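S.K.: Take a look at this one; I'll ask things after.
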Amino acid sequence: LLRPVTIGACILGCSGPMLTPAEKAFFADARPWGFILFARNVETPEQVRSLTAALREAVGRAEAPILVDQEGGRVQRLRPPHWPAYPPARAYAALGRPEITRLGARLMAHDLAAVGIDADCLPVLDVPAPDGHEVIGDRAYAETPDAVAVLGRAAAEGLIAGGVLPVVKHIPGHG
């Protein structure tokens, strides 16, 4: 009888721009649901494509999701000179046009999909509060729940249009 393959209910990261033999063995045994990339994992488009392929190969699943935090502004793992410097969320609010937010996220999705990343930890749906933590700052789309919801939805729609799944954050939030 064939036993079903068990997939771990976790998302794991790796130590650098390429998998070590120990990481390959660990991932093959742990069989995580997916992976997340950090700045330490990103050098060039070719290198990221190779890493995302190696991660999926390590678990034997071409559909294993690979996530990244690519918000723009301060939180951007894929950076110049190989990728554009995207503005922070608050810059979109200043324009007052959700379609521009949607386009910005669609452009990010293009960059991510091109290197094998299929989920982005975006949109940030925090609503800043006067006594809230400063970690959010210009990462928040706006100052009110309604405005944050409109722009956050536009960002999610842009990612989806580009073939990248949005991951809403932060829950419960810093605002």
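S.K.: Out of G173, G152, G132, I need the residue that is closer than 28 Å to W33 by Cα, in a loop (DSSP other than H, G, I, E, B) and not aliphatic (A, V, I, L, M). Which one?
M.R.: Unique residue meeting the criteria: G173.
S.K.: Here's another thing I want to ask about it. Among the residues of region 138-148 satisfying the criterion of being under 15 Å from H170 (Cβ atoms) and free of Cβ contacts under 8 Å to residues at least 40 places away in the same chain, which is most open to solvent (accessible area, probe 1.4 Å)?
M.R.: P145
S.K.: For region 72-91, check the following and say yes or no: at least one residue is more than 26 Å from W33 (Cα to Cα), open to solvent by less than 50 Å² (accessible area, probe 1.4 Å) and of a type in the set (K, R).
M.R.: No, that holds for no residue.
S.K.: Please name all residue pairs, on different chains or six or more residues apart, with Cβ atoms under 6 Å, provided the first residue is in region 83-106 and is in contact (Cβ under 8 Å) with a residue 40 or more places away in the chain and over 29 Å from Q47 (Cβ atoms) and the second residue is among the acidic types (D, E) and open to solvent by less than 70 Å² (accessible area, probe 1.4 Å).
M.R.: What qualifies is R90/D138; R102/E157.
S.K.: Can you go through R139, R106 and tell me which one is at pLDDT 95 or above, among the basic types (K, R) and on the phi < 0 side of the Ramachandran plot? Please lay out each step first, then the result.
M.R.: Numbers: R139 fails: at pLDDT 95 or above.
Answer to the selection: R106.
S.K.: Follow-up. Does I11 count as of a type outside the set (G, A, S), open to solvent by less than 60 Å² (accessible area, probe 1.4 Å) and either in a helix (DSSP H, G or I) or on the phi < 0 side of the Ramachandran plot (or both)?
M.R.: No, not satisfied.
S.K.: Now for a different question. Looking at L159, L125, L151, can you tell me which residue is open to solvent by 30 Å² or more (accessible area, probe 1.4 Å) and under 19 Å from V75 (Cα atoms)? Walk me through it before giving the result.
M.R.: Numbers: L159 fails: open to solvent by 30 Å² or more (accessible area, probe 1.4 Å); L151 fails: open to solvent by 30 Å² or more (accessible area, probe 1.4 Å).
Just a single option satisfies the conditions, and that option is L125.
S.K.: Please verify whether V135 is farther than 30 Å from T20 by Cβ, of a type in the set (V, I, T) and without any contact (Cβ under 8 Å) to a residue 40 or more places away in the chain, treating the condition exactly as stated.
M.R.: yes
To keep it simple, each residue is scored yes or no on (1) on the phi > 0 side of the Ramachandran plot; (2) at pLDDT 95 or above; (3) of a type in the set (G, A, S).
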{"residue": "V59", "(1), (2), (3)": "no, yes, no"}
{"residue": "A64", "(1), (2), (3)": "no, yes, yes"}
{"residue": "V68", "(1), (2), (3)": "no, yes, no"}
{"residue": "G73", "(1), (2), (3)": "yes, yes, yes"}
{"residue": "R77", "(1), (2), (3)": "no, yes, no"}
{"residue": "P80", "(1), (2), (3)": "no, yes, no"}
{"residue": "Y86", "(1), (2), (3)": "no, yes, no"}
{"residue": "L95", "(1), (2), (3)": "no, no, no"}
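S.K.: Sticking with this one: Among the listed residues A30, A62, identify the single one that is farther than 25 Å from R139 by Cα, open to solvent by 70 Å² or more (accessible area, probe 1.4 Å) and aliphatic (A, V, I, L, M).
M.R.: A62
The values are calculated or read from the model by the stated rules, or taken from the named source; none is laboratory data. All of these numbers come straight from a predicted model, not from anything done at the bench. Cβ sites come from the backbone with ideal geometry, for glycine too, and all protein chains shown count toward neighbours. What goes into the accessible areas is simple: the full protein's heavy atoms, side chains included, and nothing from ligands, DNA or RNA. Shrake-Rupley method; radii C 1.70, N 1.55, O 1.52, S 1.80 Å.
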